[in-house]
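Student: Before anything else, here's the structure in question.
The values are calculated or read from the model by the stated rules, or taken from the named source; none is laboratory data. Here the structure is a predicted model, which is why all the values come from computation and not from measurement. Glycine also receives a Cβ, built like all others from the backbone with ideal geometry; neighbour counts cover every protein chain displayed. SASA here: full protein model, heavy atoms, side chains in, ligands and nucleic acids out. Shrake-Rupley method; radii C 1.70, N 1.55, O 1.52, S 1.80 Å.
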There are 2 protein chains.
Amino acid sequence: MLDFFFKPRAIAVVGASREPGKVGHDVLKNLLDFKFPGAIYPVNPKAQEILGLKVYPSIKDLPQKVDLAIVAVRASFVPEVISLCGQKGIKGAVVLSSGFKEMGREGAKLEQELVKEARNYGIRVIGPNCLGILDTYSHLNATFAALKPLKGKIGFFSQSGALCLAVLEWSRAQKIGLSRFVSLGNKADISEIECLRALAEDPHTEIIMGYLEGIEDGRAFTEVAAEVSRKKPVIIFKSGTTAAGARAASSHTGSLAGSEEAFSASVKRARIIRAQTLREFFNLGLFFACNPPMSGPYLGILTNSGGPGIVAADACEKSSLELPTLPTETVEKLRKVLPPYASFYNPVDITGDSDAERYEKTLSLLLEDKSLNGLLVILSRTAMVDPEAVARILSDKKDIKPLAACFIGEESVRKARSHLLKKHIPHYEFPEEAVSAFEKAWIYEYRRKRPPVKIKRLKVDFEKAAQVLQTLRLEGRNHFLDHEVKQLLEAYGFAFPKSLLARTTDEALLAAKVIGYPVVLKVASPQVQHKTDIGGVRLNIKNDEELVKAFQEMIINVRKRLPGISVLGVIVQEMVPKGKEVIVGFLRDPQFGPMVMFGLGGIYVEVMKDVTFNLAPLSKEEALEMIREIKAYPVLKGIRGEPEVDMNALARSIVAMGQLVSDFPELSEGEVNPLIVGPKGSKTIAVDARLSLGGEK
Amino acid sequence: MLDFFFKPRAIAVVGASREPGKVGHDVLKNLLDFKFPGAIYPVNPKAQEILGLKVYPSIKDLPQKVDLAIVAVRASFVPEVISLCGQKGIKGAVVLSSGFKEMGREGAKLEQELVKEARNYGIRVIGPNCLGILDTYSHLNATFAALKPLKGKIGFFSQSGALCLAVLEWSRAQKIGLSRFVSLGNKADISEIECLRALAEDPHTEIIMGYLEGIEDGRAFTEVAAEVSRKKPVIIFKSGTTAAGARAASSHTGSLAGSEEAFSASVKRARIIRAQTLREFFNLGLFFACNPPMSGPYLGILTNSGGPGIVAADACEKSSLELPTLPTETVEKLRKVLPPYASFYNPVDITGDSDAERYEKTLSLLLEDKSLNGLLVILSRTAMVDPEAVARILSDKKDIKPLAACFIGEESVRKARSHLLKKHIPHYEFPEEAVSAFEKAWIYEYRRKRPPVKIKRLKVDFEKAAQVLQTLRLEGRNHFLDHEVKQLLEAYGFAFPKSLLARTTDEALLAAKVIGYPVVLKVASPQVQHKTDIGGVRLNIKNDEELVKAFQEMIINVRKRLPGISVLGVIVQEMVPKGKEVIVGFLRDPQFGPMVMFGLGGIYVEVMKDVTFNLAPLSKEEALEMIREIKAYPVLKGIRGEPEVDMNALARSIVAMGQLVSDFPELSEGEVNPLIVGPKGSKTIAVDARLSLGGEK
């Protein structure tokens, strides 16, 4: 995919320049310096030769078989250049020029023209307003960055040029290098989605890292990422996740940031390794680039100093990793090589008088120990220990299990750190950051091994639901009547309390027979707002006798308190069983599409914000995961001897809601609130609900 | 305080050695190299001269007027050395030797002996098992660390030798330097508390940093820290805050970690700046060492690259800082110096084609703008900008308001970063970390300016409460009877529902008259467990008529359902008004002493862990702060049109609970649960309560 970008046979540099410091010069120089093996054709009407290459006055004059154009002309000329490139049969253009959407309205118009020309001639565009692209394996450095890239296994894409530069420098400094690199710029044509695909297919790319500010097609992004992440770790840092950040992002590349909730759901579904800070982004890249998979949560910690060991243990306990006690055999073996005052538990503290040999012996034993899935090695610079010797020992024992080192200090451990990085042992300045990298590696591996999400359609009455919506359309209405909300949701398996209007006691008895005891009576009168206040509600009526009595009392009561009002009769309603009140809702994210929402009813959602989201439609397993994710989950599991609610029934409701919002794009928002879920086997009842159409908001 | 440690006239080095690499040699060499101006007397029975100094065979042979002994002999000799030092009139000893509590039971015994000798002769001891102490202003380097310390304004103490070394290196690398430094080691005698005091009094120490694993006397620590932090920022990193960390800590220096809740409460009370990670610890030290106070929450961000600007904006929005829009005057001025495509909002994005001059002009305007309390300057390395020039500009404009820089990159910004550090402009590799430092600086300043906590005693019936406890003591009981719990809490102002036993309807009418309607009736029978099930409870009885009827019905009902049981009569009880259920409790932390606890009742505390703690006794303001701290606070404020609860009454209950636990050390744990708090003016009612004595647990 997009091979004409990453493995072109011949390249044109449109707007090539003689002047160092100009984009059109620097990109040409980079192409030459990085030893691009194919032909390079500078284009410039005013020059004969640049950097020893023959210059072509116009795109029209280029020889045939150019795949890729690098464009560095003034913004206003770009649309025409694209058109000429297209006419010449060039397949891809990387537009380095700025002056488009990022510059305001005029620029946005220019960008639209650019896209129009590209579509017209079927030419694909990366950028504009970007730093360029590179593929270290095909010797392509089509960027105007000053730094020479290092060959490696990280494929990187970024919406920010500044981050591109940062990653270039970082990948050199950490000695891990890059395979491919795409500066997406304004994403006028090619987006992160195609980029992800191209990196997924590239055999030299083993880890994918991406910096994003906005995701336009969140749905497609999630699908592609989910596919890719089964094979290669995908590490994403997304900014613009807060209101202030989103404002800044929109004034930057004109991105729409998308909601944080939607992106979080996407991350879950797609097994994306999400970095929460820029530092973590780099830390994770380093870890994944250097280590085999972290196959379990059990971390071993080896240290020669108590303090940093405790800090690492704290970090571990706060994470989803575990710090297991070592098996007796290992402890026995350790006793033979360590002094008696060492700590044989985990962290294994070999104490401040350790030399490199003690490190080596302990390390061997801990690496052999199959109960540990990864090992963190901490070193404090004492007079007794040679950090470089320990670094050499570590690099000799690489790849047995995931390793990270934390050599505390600055100048005194600099050489040892360099050695570690050269040998691809990830090094972190502080223990907490190393622990966090192990954790993310484990979570990724755990999710990667889970079977892919399979969404089974529930049996629903699609036709009935469609009919309700059809009625609204025909009548030109944009809001639902109460009974339509019920009909629609009932079609998708939600049950509302049954109810019938009874004008006489006989009718009431008949209604109760149909509905089944226990029932609730409510006075039916258009003039009565607060039924309870005037004795207009009676709960838990268990038999005919009680029903007749309650009916008569209620009528008398209401007539006495509000003389002269019109009473239509009494509503006989199914008594809602005892259970927990939950909310199952949906909404439609502009970027990520239909989503479901779940939480415990009332203030759990309103005040405690204890609510979780996922993309719709979703699988039953995902729905069950949502249930487990909320903090109030123990309430559903049953506290104080209460029985567990019917998790399957609840999951079914969530799945059904996901199916509903996916089936009908015209539904914009809605919820069943409260939905009453009782113990296993009991009926799940929707007490109240609302639905909105897209036009309403 | 402790001036004989930090400004000694003469020092003895007991266990001085000729052999480089030995502690007794290296510490002597450090003293000499750092040009200690007073006399230095090496003590060693087997040497004549070391490093050009005359050696004394024994402590007894020392000349008079030695203030300080540095002890580096084998552990088993240390107690005797301390005794001899004491006899000689030496005031302080720094024991570098290890082999004490950290080595197990034998070592712990040795440490006890050490302490005994010290107490015997009134000699104060730092250590054992420590790296030493230093005071850069009195040219005292009594450590055996290989690195030469830099003079500066940070006073540092640490329970971990490894962290001591790390701070030494860091303070050199960041060019901020140290004033004093204490390696606490096992804290056999001198603890963090005296250390804090000594640093507070030292005029050269402007910022205090401390690394702690355990705090023995949390109460005294909090008091001293609260006093000190009004004058100097106190930055603390505490490890051992999780179960795993605490286990590791106890096997390290034998520390008891103390509970996380107690330490958090102490941090709040004492205005401690708490670092959550080791990196943050160093980041904060740098910020405070370089900047004037952050007097408000308004941060300005200046950047030449969109991406990192967005990342900073996100971080700001997640923090308690604000990112204000700039005043019109400033925007107008900016328009004159910036290109039209720049972003004039906040972050101010001067775009990638900026040079140093554009940075200078923008910087001047933003520093002049009084609406900003601090400024973060981000730079991405482009071809157009000279990072060193920008670094110079920043250092020229220092001290107008708090500043931090974030120059993104590695090698390409190294020199600029060095320049910044040399000029004391704090530099952070990533925007989020800079924002977090600004935030902590603002929170510190905000808390520092608040008036100190003044705790007023509530009027309570201390005598009555003391009498209840006296009864328990006299009767040799270690648990309370129900009515004793009530009496004790009533003495401290908690009100329980009034209730009386009535055997006849007449008695019931009388009881209701005393209690006041509405009342509740409950059948009184030792044989009835679940009163409600047999119709033995009637709520909300409003008048005499209803009372008589309910009384008679209840007796008949119960007799019918449970014939033959003995009925003592009926309890007439005050009807508990409607309100919110909260929990007000107390406990006693082994290190931090009495504490109060507050949260919303039921699953808010049990499941959602939405609970907050403070040290007791506490002020009304602190109690009100606790109320505001819980997540469910909006529930108390009133949601869905409900009235706000009586905050003052609630705060009073919390304060009373704090007073109770402080007044009676024998109370170990207790709570009123639920306490019903209604709207302003209504009565606050304790429905249930429990109290435990120290012996019980």
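Student: Express in Å², to the nearest 10, the accessible area of B:ASP461 obtained by rolling a 1.4 Å probe over the protein heavy atoms while all chains stay in place.
Tutor: Rounded to the nearest 10, the figure is 70 Å².
Student: Per DSSP H run of n ≥ 4, the term is -39500 (n - 2.57); total these for chain B, divide by its residue number, and report the mean residue ellipticity at 222 nm rounded to 500 deg cm²/dmol.
Tutor: After summing the helix terms and dividing by residue count, I get -12000 deg cm²/dmol.
Student: Quick check: Cα centre of the range B:550-595 to Cα centre of the range A:322-354, how many Å?
Tutor: Cα centroid to Cα centroid, the span is 56 Å.
Student: Viscosity 1.002 mPa s, temperature 20 °C: what is the translational diffusion coefficient of the range A:58-193 from Stokes-Einstein with a Kirkwood Rh over Cα pairs, rounded to a whole number of µm²/s? Before the final figure, lay out the partial values.
Tutor: Values: Rh = 15.2 Å.
Reported coefficient: 141 µm²/s.
Student: Hey, for B:ALA108 with labels 7 Å out along Cα-Cβ, what do the inter-copy distances come to in nm, ordered shortest first?
Tutor: For B:ALA108, the inter-copy label distances come out at 7.1 nm.
Student: For the range A:3-288, give the share of DSSP beta bridges that are antiparallel, in percent and rounded to the nearest 5; count only bridges with both residues there. Mind dumping the intermediate values first?
Tutor: Numbers: 9 of 44 bridges.
Here the share of antiparallel DSSP bridges comes out near 20 percent.
Student: Here is a follow-up. Taking the Cα centre of the protein assembly as shown as the origin, how large is its charge dipole in debye, to the nearest 20, when only Lys and Arg (+1) and Asp and Glu (-1) carry charge on their Cβ atoms? Working shown, then result.
Tutor: Values: 186 positive and 166 negative charges, 173 e Å.
Computed about the Cα centre, the dipole is about 820 debye.
Student: Could you tell me the ratio Rg/Rh of the range B:292-449? Both radii from Cα atoms, Rh via Kirkwood.
Tutor: Values: Rg = 14.2 Å, Rh = 15.3 Å.
So for the range B:292-449, dividing Rg by the Kirkwood Rh gives 0.93.
Student: Another question, then. Could you work out, for the range A:324-413, what percent of all Cα-Cα pairs fall into each 10 Å distance bin, beginning at 0 Å and stopping at the bin that holds the largest distance?
Tutor: It works out to 16, 53, 29, 2, in whole percents.
Student: At B:ARG640 and A:GLU368, where each label point lies 7 Å from the Cα along Cα→Cβ, what is the point-to-point distance in nanometres?
Tutor: Here the answer is 6.5 nm between the modelled labels.
Student: Hey, another quick one. Starting from the Kirkwood Rh over alpha-carbon pairs, what translational D in µm² s⁻¹ does the range A:3-288 have by Stokes-Einstein at 4 °C and 1.567 mPa s? Working shown, then result.
Tutor: Numbers: Rh = 18.9 Å.
Estimated diffusion coefficient is 68 µm²/s.
Student: Could I get the Rg over Rh figure for the range A:114-185? Both from C-alpha atoms, Rh via Kirkwood, rounded to two places. Each step should come with its number before you reach the end.
Tutor: On the way: Rg = 13.1 Å, Rh = 12.6 Å.
Ratio of gyration radius to Kirkwood radius: 1.04.
Student: Given the rotation that superposes chain A on chain B, what residue of A brings its beta carbon nearest the axis, and what is the distance in Å?
Tutor: Of all Cβ atoms in A, the one closest to the rotation axis yields A:MET608, 3.
Student: Also, quick follow-up: Which value, in Å² and to the nearest 10, is the accessible area of B:ILE40 when all protein chains are kept and the probe is 1.4 Å?
Tutor: 20 Å²
Student: Further, regarding this structure: Please work out the FRET efficiency for the pair B:GLU19 and A:HIS139, using the Cβ-Cβ distance as r and a Förster radius of 41 Å; give the result to the nearest 0.05. Walk me through the intermediate numbers first.
Tutor: Working: r = 58 Å, r/R0 = 1.41.
In this case the efficiency is close to 0.10.
Student: For the range A:657-671, what does the Karplus curve 6.51 cos²θ - 1.76 cosθ + 1.60, with θ = phi - 60°, yield as ³J(HN,Hα) per residue in whole Hz, taken in order and with x for Gly and Pro?
Tutor: Here the 3J(HN,Hα) series is 4, x, 5, 4, 5, 6, 6, 10, x, 6, 7, 9, 8, x, 6 Hz.
Student: Same structure, new question: What spacing in nm lies between the two simple spin-label points modelled at B:ILE556 and B:LYS415, each 7 Å away from Cα in the Cβ direction?
Tutor: About 10.3 nm separates the two model spin labels.
Student: How would B:VAL71, B:VAL611 line up by accessible area, probe 1.4 Å, largest first? Intermediate results must be reported in sequence, preceding the final value.
Tutor: Working: B:VAL71 0, B:VAL611 45 Å².
From most exposed to least exposed: B:VAL611, B:VAL71.
Student: Express in % the proportion of alpha carbon pairs of the range B:5-70 at distances exceeding 21 Å. Spell out each step's value before the answer.
Tutor: Working: 270 of 2145 pairs.
The proportion of pairs with Cα distances above 21 Å equals 13 percent.
Student: If you don't mind, there's one more thing I want to ask. Which percent of Cα-Cα pairs in chain B sits in each 20 Å bin, short to long?
Tutor: Over chain B, the share of Cα pairs per 20 Å bin runs 15, 35, 30, 15, 4, 0 percent.
Student: Under 20 Å between alpha carbons, and skipping anything fewer than 8 positions from A:LYS486 in its own chain: which aspartates and glutamates qualify?
Tutor: A:LYS486 reaches A:ASP461, A:GLU463, A:GLU475, A:GLU574, A:GLU581, A:ASP663, A:GLU666, A:GLU669, A:GLU671, A:ASP688, A:GLU696.
Student: A follow-up question, please. Roughly how far apart, in whole Å, are the Cα centres of the range A:125-189 and the range B:193-223?
Tutor: Between the Cα centres of the range A:125-189 and the range B:193-223 lies a distance of 49 Å.
Student: If you average 1/r over all unlike Cα pairs in the range A:463-574 and invert the result, what Kirkwood radius do you get in angstrom? Show your work: numbers first, answer last.
Tutor: Working: mean 1/r = 0.0645 Å⁻¹.
One over the average 1/r among Cα pairs gives 15.5 Å for the range A:463-574.
Student: Shifting gears a bit: Under the rule of at least 5 residues apart or a separate chain, name every residue whose amide H is placed under 5 Å from the amide H of B:ALA686.
Tutor: B:ALA495, B:PHE496, B:ILE676
Student: Using only the alpha-carbon atoms, what does the range B:230-337 span along each of its principal axes? Please give whole angstrom values in decreasing order.
Tutor: 64, 33, 23 Å, listed from the longest principal axis down.
Student: Related question: At a Förster distance of 35 Å, what's the computed FRET efficiency of B:ARG448 paired with B:GLU329, Cβ-Cβ distance as r, to 0.05? Each step should come with its number before you reach the end.
Tutor: Working: r = 31 Å, r/R0 = 0.88.
For B:ARG448 and B:GLU329, the calculated efficiency is 0.70.
Student: Using a probe radius of 1.4 Å on protein heavy atoms only, what is the accessible area buried between chains B and A, both sides summed, to the nearest 100 Å²?
Tutor: 5400 Å²
Student: Here is a further query. How much solvent-accessible surface does B:CYS164 expose, in Å² to the nearest 10, with a 1.4 Å probe and all protein chains in place?
Tutor: Counting only protein heavy atoms, the figure is 0 Å².
Student: What pairs from B:LYS464/B:LYS578; A:LYS415/B:LYS232; A:LYS637/A:LYS683 go past 28 Å between their alpha carbons? Please list the in-between numbers first.
Tutor: Details: B:LYS464/B:LYS578 30 Å; A:LYS415/B:LYS232 37 Å; A:LYS637/A:LYS683 17 Å.
Long pairs (Cα-Cα over 28 Å): B:LYS464/B:LYS578; A:LYS415/B:LYS232.
Student: Work out from phi, with θ = phi - 60° and the Karplus expression 6.51 cos²θ - 1.76 cosθ + 1.60, the ³J(HN,Hα) of each residue of the range A:305-311, listed in order in whole Hz, and give x for Gly and Pro.
Tutor: Result, ordered by residue: 9, x, x, x, x, 5, 4 Hz.
Student: Further question: Protein chains only, probe 1.4 Å: how do A:TYR604, B:TYR633 rank by accessible area, largest first?
Tutor: On the way: A:TYR604 25, B:TYR633 55 Å².
These residues rank, largest area first, as B:TYR633, A:TYR604.
Student: Mind jotting down a quarter of the surface of the convex hull over the alpha carbons of the protein assembly as shown, in square nanometres, one decimal? Show your work: numbers first, answer last.
Tutor: On the way: hull surface 250.6 nm².
Mean projected area for the protein assembly as shown: 62.6 nm², to one decimal.
Student: Can you list, shortest first in nanometers, how far B:GLU368 lies from the same residue in the other copies, with each label 7 Å from Cα toward Cβ?
Tutor: Ordered by increasing distance: 7.3 nm.
Student: For a quick check: with amide H placed at 1.01 Å from N, whose amide H comes under 5 Å from A:ALA93's, ignoring anything fewer than 5 positions away on the same chain?
Tutor: A:ALA69, A:ARG124, A:VAL125, A:ILE126
Student: Just how many % of Cα pairs in the range A:562-675 lie over 22 Å apart, if you round to the nearest whole percent? Kindly include the intermediate steps, with their values, before the conclusion.
Tutor: On the way: 2567 of 6441 pairs.
Value for the range A:562-675: 40 percent of Cα pairs lie more than 22 Å apart.
Student: Report, in listed order, any pair from A:LYS318/B:LYS631; A:LYS109/B:LYS370; B:LYS333/B:LYS449; A:LYS65/A:LYS175; B:LYS370/B:LYS440 with a Cα-Cα distance greater than 29 Å. Intermediate values should be presented prior to the final figure.
Tutor: Details: A:LYS318/B:LYS631 21 Å; A:LYS109/B:LYS370 38 Å; B:LYS333/B:LYS449 34 Å; A:LYS65/A:LYS175 36 Å; B:LYS370/B:LYS440 20 Å.
Checking Cα-Cα distances, A:LYS109/B:LYS370; B:LYS333/B:LYS449; A:LYS65/A:LYS175 exceed 29 Å.
Student: Roughly what % antiparallel, to the nearest 5, for the DSSP beta bridges in chain A? Could you put the intermediate results ahead of the total?
Tutor: Working: 51 of 102 bridges.
Of those bridges, close to 50 percent are antiparallel.
Student: How far apart, in nm, are the 7 Å Cα→Cβ label points at A:SER566 and A:ARG473?
Tutor: Result for the modelled spin labels: 3.6 nm.
Student: With a 1.4 Å probe and every protein chain kept in, tell me what percent of the accessible surface of chain A is carbon plus sulfur.
Tutor: Details: 14680 of 28500 Å².
Reported share for carbon and sulfur atoms: 52 percent.
Student: Only residues of the range A:105-134 count here: report those whose backbone N is under 15 Å from the spot 7 Å along Cα→Cβ of B:ALA383, or say none.
Tutor: Only A:129-133 fall inside the zone, counting backbone N under 15 Å.
Student: Which one, B:LEU624, B:SER692, B:SER668, is farthest towards the positive end of the dipole of the range B:580-696 when Lys and Arg carry +1 and Asp and Glu -1 on their Cβ?
Tutor: The Cα lying farthest towards the positive end belongs to B:LEU624.
Student: Tell me, in nm to one decimal, what length is gained between B:ASP355 and B:GLN529 on full extension, where the rule is 0.36 nm per residue of separation less the Cα-Cα distance?
Tutor: Contour length minus Cα-Cα distance gives 54.3 nm.
Student: Can you pull the three principal axis extents for the Cα set of the range A:294-376, in Å, largest first?
Tutor: Here the Cα extents, ordered largest to smallest, are 32, 26, 19 Å.
Student: Have a look at the range B:167-188 and report residues whose accessible surface goes down by 40 Å² or more when the remaining protein chains are included, against the chain on its own, probe 1.4 Å, ligands and DNA/RNA excluded.
Tutor: In the range B:167-188, residues shielded by partner chains: B:GLU169.
Student: How large is ³J(HN,Hα), in whole Hz, for each residue of the range A:342-347 in order, when computed from phi with the Karplus curve 6.51 cos²θ - 1.76 cosθ + 1.60 and θ = phi - 60°, using x for Gly and Pro?
Tutor: Rounded to whole hertz, the list is 5, 9, 9, 8, 9, x.
Student: Which Cα, out of B:PRO563, B:VAL519, B:PHE551, lies furthest along the positive dipole direction of the range B:498-575 (beta carbon charges, K/R +1, D/E -1)?
Tutor: B:PRO563
Student: Using modelled backbone amide H atoms (1.01 Å from N, in-plane), which distant-in-sequence or interchain residues come within less than 5 Å of B:VAL584's amide H?
Tutor: B:VAL672, B:LEU675
Student: Suppose R0 equals 25 Å; then what is the FRET efficiency for B:SER320 and A:ASP217 from their Cβ-Cβ distance, rounded to the nearest 0.05? It would help to have the intermediate numbers written out before the result.
Tutor: Values: r = 35 Å, r/R0 = 1.41.
According to the calculation, E is roughly 0.10.
Student: So what is the relative contact order for chain B, in percent, with contacts set as C-alpha pairs under 8 Å and at least six apart?
Tutor: With pairs under 8 Å counted, the relative contact order is 8 percent.
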